1. With the checklist (1) closer than 30 Å to S81 by Cβ; (2) modelled with pLDDT of 55 or more in hand, flag the one item D52 doesn't pass.
2. Are any residues in the range 102-117 surrounded by 16 or more Cβ atoms within 10 Å (Cβ to Cβ) and within 26 Å of T151 (Cα to Cα), and if so, which ones?
3. Here is a check on your reading of the model: is S162 touching a residue at least 12 places away in the same chain (Cβ under 8 Å), assigned by TED's automatic domain parsing to the domain that holds T86 and farther than 19 Å from T80 by Cβ?
4. Exactly one condition in (1) in contact with a helix residue (DSSP H, G or I) (Cβ under 7 Å, 6 or more places away or on another chain); (2) among the polar types (S, T, N, Q); (3) surrounded by fewer than 17 Cβ atoms within 10 Å (Cβ to Cβ) is false for N127; which is it?
5. Taking only the range 162-172 into account, find how many residues are farther than 16 Å from A69 by Cα, surrounded by 17 or more Cβ atoms within 10 Å (Cβ to Cβ) and not basic (K, R).
6. If T80 satisfies every condition in (1) outside any loop (DSSP other than H, G, I, E, B); (2) among the β-branched types (V, I, T); (3) over 18 Å from S169 (Cβ atoms); (4) in contact with a Gly (Cβ under 8 Å, 6 or more places away or on another chain) but one, which is the exception?
7. Can you tell me how many residues within the range 88-101 are outside any helix (DSSP H, G or I) and either touching a strand residue (DSSP E or B) at 6+ places or on another chain (Cβ under 7 Å) or buried (at least 17 other Cβ atoms within 10 Å of the Cβ) (or both)?
Amino acid sequence: MANTTFNGPVRSENGFQDISINATTGAVTVDATFGAATSVTDLTTTNLVFTDQNHPTTAAINATATASAADVATGYITSTSAAATTITLPTGTLLGAAIGATRGTVLELYVDNTAGASTVTIAVAVNGILSSAAADTPGSFGDLTIASGVTGIGRFTIMFTSATAYVFSRTA
């Protein structure tokens, strides 16, 4: 089949699939499925990862604890605690394995404390370091505290430097 170029949006009610066909057997293999909660990774040519920001699942952490890799992989953590809470991120090894990270993988993490009654503080674990922007300007990129109430939401970026190590900073 020839390549097709579209001018304008391409739409489908049932998603898209990228396939390959074995030249010998003719077997069709689905390489990627693109739908409502799609992540697209092309490390071959651009070393970039694009991740959908729709969060169909979230994690709730309402007391001081270490977040599981699955919690962080949802991209959205809520807290409704009445007491001050510290959420420690998982190690780079655990989080990297959970999301299939490689060098260049980027994960956005939202922490929602709008229904909480006290602050939430984020802490990094082994193989997680604060970015130089976070270390240099702790009042903004390095602000790891999320207030409670209507302004109580923070966005953080986790950038992987390898499959097992990440750099962490606040982006909003």
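The values are calculated or read from the model by the stated rules, or taken from the named source; none is laboratory data. Quick caveat, the model's predicted, so the values are computed rather than measured. Note that each Cβ is placed from the backbone with ideal geometry, even for glycine, and that neighbours are counted across all protein chains shown.
1. It is condition (2) that D52 fails.
2. L107, L109, Y110, V111, D112, N113, G116
3. yes
4. It fails just one condition, (3).
5. Total meeting the criteria: 1.
6. Going through the list (1) outside any loop (DSSP other than H, G, I, E, B); (2) among the β-branched types (V, I, T); (3) over 18 Å from S169 (Cβ atoms); (4) in contact with a Gly (Cβ under 8 Å, 6 or more places away or on another chain), T80 breaks only (1).
7. Matching residues across the range 88-101 total 5.
Yes or no, residue by residue, for (1) at pLDDT 95 or above; (2) more than 17 Å from A59 (Cα to Cα); (3) assigned to a strand (DSSP E or B):
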residue: V111; (1), (2), (3): yes, no, yes
residue: G116; (1), (2), (3): yes, no, no
residue: I122; (1), (2), (3): yes, no, yes
residue: A125; (1), (2), (3): no, yes, no
residue: A133; (1), (2), (3): no, yes, no
residue: P138; (1), (2), (3): no, yes, no
residue: F141; (1), (2), (3): no, yes, no
residue: Y166; (1), (2), (3): yes, yes, yes
